Amino acid sequence: MIDTLYGAVSEEVFNQAKNIKLFICDIDGVFSDGRIYLGNDGEELKAFHTKDGYGIKALGASGVEVAVITGRRSAIVANRMKALNVEHIIQGEENKLPALKLLLAKLNLSVNDVAYIGDDMPDFECMEYVGLSIAVNDAHPQIIKIADYTTFIHGGFGAVREVCDLIMYSQNTLCNASGASI
């Protein structure tokens, strides 16, 4: 086991994190706490944690690509991800694995170059496919069961930041990463 900022991780997970070139995130339950607020006029609201935002910006600054793949479509997600300089924003994909494969082909990456974080059954196939699969702490039990790593922090409360820090820590870029305003 290797001690990290958040707790001990297996040597296998730490070594796999060293090779990550692309970090793919689900949105609902990962970047957000999974709750969707609906206003009387149909307005949809989500809460995003600034810790996750800083982590994504720092990870990008360290040279790791970031993408999101989500089953829902939301202008809120597009706006937040653009603010975090996430170039690859894939929305409305209930079957996420084909979108993931297209992204890998576009970026000329192998599955071992990719980490994916999810929380529920729509993430299952992607998590089984990539080199490093991550479940948020409060993920569905079947997702936790197949994950290589489960975060110490719940989705929507800094779990994404935890993984960003793990990747940068393993790649020895944590101290060098700079994130601008979030």
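Could you list all residues from the range 1-37 that are surrounded by 18 or more Cβ atoms within 10 Å (Cβ to Cβ), polar (S, T, N, Q) and not in a loop (DSSP other than H, G, I, E, B)? The answer is Gln16, and nothing else.
Among the residues examined, Ile117 does not qualify as among the aliphatic types (A, V, I, L, M), surrounded by 22 or more Cβ atoms within 10 Å (Cβ to Cβ), in contact with an Asp or Glu (Cβ under 7 Å, 6 or more places away or on another chain) and over 18 Å from Lys18 (Cα atoms).
Within the range 96-124, being out of contact with any helix residue (DSSP H, G or I) (no Cβ under 7 Å at 6 or more places or on another chain), part of a loop (DSSP other than H, G, I, E, B) and touching a residue at least 24 places away in the same chain (Cβ under 8 Å) holds for one residue alone: Leu109. Reported count of residues in the range 137-176, each being of a type in the set (Ser, Thr, Tyr) and outside any loop (DSSP other than H, G, I, E, B), is 4.
Determine whether Val77 is β-branched (Val, Ile, Thr), part of a helix (DSSP H, G or I) and crowded, with 18+ Cβ neighbours inside 10 Å. Answer is yes for this residue. Is it true that Lys18 is touching a helix residue (DSSP H, G or I) at 6+ places or on another chain (Cβ under 9 Å), charged (D, E, K, R) and under 18 Å from Val130 (Cα atoms)? It is true that Lys18 is touching a helix residue (DSSP H, G or I) at 6+ places or on another chain (Cβ under 9 Å), charged (D, E, K, R) and under 18 Å from Val130 (Cα atoms).
Of all residues in the range 91-106, those that are surrounded by fewer than 16 Cβ atoms within 10 Å (Cβ to Cβ) and touching a strand residue (DSSP E or B) at 6+ places or on another chain (Cβ under 9 Å) total 2.
The one condition from (1) buried (at least 18 other Cβ atoms within 10 Å of the Cβ); (2) touching a helix residue (DSSP H, G or I) at 6+ places or on another chain (Cβ under 7 Å); (3) under 19 Å from Leu166 (Cα atoms); (4) not basic (Lys, Arg) that Thr70 does not meet is (3). The residues of the range 126-136 that are assigned to a helix (DSSP H, G or I) and crowded, with 16+ Cβ neighbours inside 10 Å, listed by number, are Cys126, Met127, Tyr129. When Ala58 is tested against the conditions (1) part of a helix (DSSP H, G or I); (2) at pLDDT 95 or above, the lone failure is (2). The C-beta contact set for the range 46-69 (first residue on the phi > 0 side of the Ramachandran plot, second residue surrounded by fewer than 20 Cβ atoms within 10 Å (Cβ to Cβ), distance under 9 angstrom, 6+ apart or interchain) comprises Gly63/Lys21; Gly63/Gln171; Gly63/Thr173. Using the structure shown, decide if Asn40 is loosely packed, with under 14 Cβ neighbours inside 10 Å, without any contact (Cβ under 8 Å) to a residue 60 or more places away in the chain and not in a strand (DSSP E or B). For Asn40, the condition - loosely packed, with under 14 Cβ neighbours inside 10 Å, without any contact (Cβ under 8 Å) to a residue 60 or more places away in the chain and not in a strand (DSSP E or B) - is met. In the range 150-166, the residues that are within 11 Å of Asp138 (Cβ to Cβ) reach residues that are β-branched (Val, Ile, Thr) and part of a helix (DSSP H, G or I) with C-beta atoms within less than 7 angstrom, at least six apart or across chains, in these pairs: Thr150/Ile144; Thr151/Val163.
The values are calculated or read from the model by the stated rules, or taken from the named source; none is laboratory data. Everything numeric in this text was worked out from a predicted model, so none of it was measured. So basically every Cβ, Gly included, is an ideal-geometry build from the backbone, and we count neighbours across all protein chains shown.
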